[in-house]
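A.B. asks: I am attaching a structure below and will ask some questions about it afterwards.
The values are calculated or read from the model by the stated rules, or taken from the named source; none is laboratory data. Bear in mind the structure is a predicted one, so any value in this text is a computation, not a measurement. Here Cβ is always computed from backbone atoms with ideal geometry, including for glycine, and neighbour counts include all displayed protein chains. Each accessible area value is taken on the protein alone, full model and side chains, heavy atoms only, with ligands, DNA and RNA left out. Shrake-Rupley method; radii C 1.70, N 1.55, O 1.52, S 1.80 Å.
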Amino acid sequence: MLFPHLAGVVVELVERTAAGVLTMHARARSAGANCPHCGSASDQVHGRYMRRLADAAVGGASVVIELLVRRFKCPNPACRAVTFAEQIAGLTSPHARYTPLVREQLTSIALALAGRAGARLAGMLGLRVAKDTLLRLVRATPEDPVGQIRVLGVDDFAPRKGDSYATILVDLERRRPVDVLPGRDAEPLAAWLKDHPEVEIICRDRAGAYAEGARSGAPQAVQVADAWHLWHNLGEAVEKTVGAHHSCIRAAFENTVPAAPPTSDDIWLTPPAPAAGMLDVCGRERRLVTRTRERYTAVRQLLDDGSTLENICRTLQLDRSTVRRFARATSIDELLVKATNRSTILDEYTPYLHERWNEGCHDSAQLHQEIVALGFTGSIQTVRRYLRPFKAATAAPPSRRPAPRPRRIVRWIMTDPGNLTVDDAADLKEVRTSCPELDAATHHVRDFAA
């Protein structure tokens, strides 16, 4: 019941090797066998040999059947075979290294994933096989008969892009390829269609050669364009329409002017206070301080739950020394003092920089020269990094809202409205409001998609 393919053998021993492979030692149940050439029954044993067959995995472990095979003498003197080896029904076949069950499993894997990917999956399932073996199983799989084709799909593809092309024929009702023709010319297609007069509809791309081949080979068939080419042609028409009216869209978007930006006089710098290291130029808590607080809270929580330092490192993905430092800290203030009170060579000159900034001097090069004259030994990059947050706060945002690019508008129009984000839907609405032609194009696209 559990192993029907082993019904014809007697399993005498099952052992597990050091590599984790289950080995079954078996022999045939029958006393004799029939000659595969003449069908004569024989029980005269000529010799014996051991045969190894890979079987389906059991419990995730690979299984090998070591089958003791007998070789019989053929009793028919007229038979061309003097001796023959016995075959177990449902288990063996001449020269096979896999049982029929394993061969069926490997064939299914090969048809789904082909070579390397199929070999990796088979290995995880306890079936060790090479990629070339899987490819041979794919080639040995018999093809289903083509049968009658009513709706035929015709398209080209490239075995080597830019070098060689071919034509693929697909039965669109059964959704399976039926033939491959050399090249992209009309003659091979016409010759194939003449042998299949049952074709009623030909769905093809817009190539002139395919149109000519379909007319001459199947004049009774109706030629239609496939959905991809129709959608592609519609996209090209929408792109031309957007390009022709992009000036209207640009004018509509650029008329929106944001509120006036802050001027340099609005940013007044005061000398740094002792606790100012925890705040940025806008008065917000620095990212380093926020990150330190979050990590300290997470580490203390895990320690209170009984986690070890190793588990905390894996959970928070932090270095062991970092976790140890947070674990040994008596309070968050101890860590914040070390994180924020970091002296630099510029600290002595920051009051002067604040004073000059408030006087209206925002040129980093000039300020660097002035503090160099006062004894500063650092580079101009140090001054620029320090003044960068101040300049970012005084930088004026663009006075005009940039118009979306034509390709972006085409994507909005060609996308299902339910798949657009809120911002994209709002921008598309503004585009349609500013340009009646694009509003009409959007209606046409959605009608076509429906």
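A.B. asks: Run down Pro404, Pro436, Pro398 and say which single residue is modelled with pLDDT under 85, open to solvent by 50 Å² or more (accessible area, probe 1.4 Å) and within 19 Å of Phe253 (Cα to Cα).
C.D. replies: Residue meeting the stated conditions: Pro398.
A.B. asks: Which of the following residues is more than 18 Å from Leu335 (Cα to Cα), surrounded by fewer than 13 Cβ atoms within 10 Å (Cβ to Cβ), of a type outside the set (Phe, Trp, Tyr) and at pLDDT 85 or above: Glu294, Glu310?
C.D. replies: Only one candidate passes the filter, namely Glu310.
A.B. asks: Please work out which residue is farthest from Trp228 (Cα to Cα), limiting yourself to segment 160-204 and to residues that are open to solvent by 60 Å² or more (accessible area, probe 1.4 Å) and aliphatic (A, V, I, L, M).
C.D. replies: Checking each candidate, the answer is Val180.
A.B. asks: Then there is this: So which of Val445, Val372, Val410, Val422 is open to solvent by less than 60 Å² (accessible area, probe 1.4 Å), hydrophobic (A, V, I, L, M, F, W, C) and more than 17 Å from Cys248 (Cα to Cα)?
C.D. replies: Val445
A.B. asks: Please enumerate the residues belonging to segment 10-24 that are open to solvent by 70 Å² or more (accessible area, probe 1.4 Å) and free of Cβ contacts under 8 Å to residues at least 40 places away in the same chain.
C.D. replies: Those that are open to solvent by 70 Å² or more (accessible area, probe 1.4 Å) and free of Cβ contacts under 8 Å to residues at least 40 places away in the same chain: Glu12, Leu13, Val14, Glu15, Ala18, Ala19.
A.B. asks: I'm checking my understanding of the structure. Among residues of segment 165-197 that are in a loop (DSSP other than H, G, I, E, B) and basic (Lys, Arg), which one is farthest from the chain's Cα centre (by Cα)?
C.D. replies: Only one residue tops the list, namely Arg184.
A.B. asks: Can you pull out every residue in segment 419-432 that is assigned to a helix (DSSP H, G or I) and free of Cβ contacts under 8 Å to residues at least 24 places away in the same chain?
C.D. replies: Asn419, Val422, Asp423, Asp424, Ala425, Ala426, Asp427, Leu428, Lys429, Arg432
A.B. asks: Can you tell me which residue within segment 25-55, out of those that are touching a Leu at 6+ places or on another chain (Cβ under 9 Å) and either basic (Lys, Arg) or not in a strand (DSSP E or B) (or both), is least open to solvent (accessible area, probe 1.4 Å)?
C.D. replies: Selected residue: Arg51.
A.B. asks: Return a yes/no flag: does segment 56-63 have any residue that is surrounded by fewer than 18 Cβ atoms within 10 Å (Cβ to Cβ), assigned to a strand (DSSP E or B), of a type outside the set (A, V, I, L, M, F, W, C) and free of Cβ contacts under 8 Å to residues at least 60 places away in the same chain.
C.D. replies: There is no residue in segment 56-63 that is surrounded by fewer than 18 Cβ atoms within 10 Å (Cβ to Cβ), assigned to a strand (DSSP E or B), of a type outside the set (A, V, I, L, M, F, W, C) and free of Cβ contacts under 8 Å to residues at least 60 places away in the same chain.
A.B. asks: Moving on to the next point. Can you report the number of residues in segment 313-337 which are open to solvent by less than 40 Å² (accessible area, probe 1.4 Å) and more than 19 Å from Leu288 (Cα to Cα)?
C.D. replies: 1
A.B. asks: Taking the criterion of being more than 30 Å from Thr350 (Cβ to Cβ), open to solvent by 80 Å² or more (accessible area, probe 1.4 Å) and modelled with pLDDT of 85 or more, would at least one residue in segment 254-274 satisfy it?
C.D. replies: no
A.B. asks: Oh, and also: Checking Arg29 against (1) over 23 Å from Gly126 (Cβ atoms); (2) at pLDDT 90 or above, which test does it fail?
C.D. replies: Evaluating Arg29 over (1) over 23 Å from Gly126 (Cβ atoms); (2) at pLDDT 90 or above leaves (2) as the failure.
A.B. asks: Where residues in segment 375-395 are open to solvent by 30 Å² or more (accessible area, probe 1.4 Å) and among the hydrophobic types (A, V, I, L, M, F, W, C), which of them is modelled with the lowest pLDDT?
C.D. replies: Ala395
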